[in-house]
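Nothing in this text is a laboratory measurement; each read-out follows from the coordinates by a stated rule. For clarity, every value in this text was computed on a predicted model and none was experimentally measured. So basically every Cβ, Gly included, is an ideal-geometry build from the backbone, and we count neighbours across all protein chains shown.
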Ligand SMILES: [Zn+2]
Ligand SMILES: [Zn+2]
């Protein structure tokens, strides 16, 4: 939107009502996986590396819920993994930010309208946040879930 300044807003969401449906890697690959559902919703499929092991992780698509499923490896609690796009292999580590709770690296996933979801890469750490870019600043006025849904 030329001529309009975009505002990035960090959103604190405590409820487990939001279902992340459209996330991509920085190269635009869709990461939601219809064939593996968690809580009845398509999970977010990522390639995962922990020490010398490679595998996949299916992230719980309910924002704030952590019923992730590991495949091909197992990460101990407290282990810090690394996530990659299963399509192009790009690292999803967020080089601009670290976890506010444990200082571990974080991963970042892109939302359709320029927003992002970030989460801590340490297993067992629950820190995560969502940033939404909104040209109209409507989101600043209303944090209702039905408004947020349109960003996911
Ligand atoms: Zn990709
Ligand atoms: Zn953390």
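Alpha-carbon geometry of the range 34-134: the Rg and the Dmax are 12.9, 40 Å, given in that order.
For the range 14-136, the relative contact order is 20 percent, taking Cα pairs closer than 8 Å that sit 6 or more residues apart in sequence and dividing their mean separation by the residue count. Per residue, the convex hull spanned by the Cα atoms of the range 14-75 measures out at 100 cubic angstrom. The modelled label-to-label distance between residue 54 and residue 87, using points 7 Å beyond Cα along the C-beta direction, is 1.9 nm.
By the count of neighbouring beta-carbon atoms within 10 Å, fewest first, 116, 57 end up ordered 116, 57.
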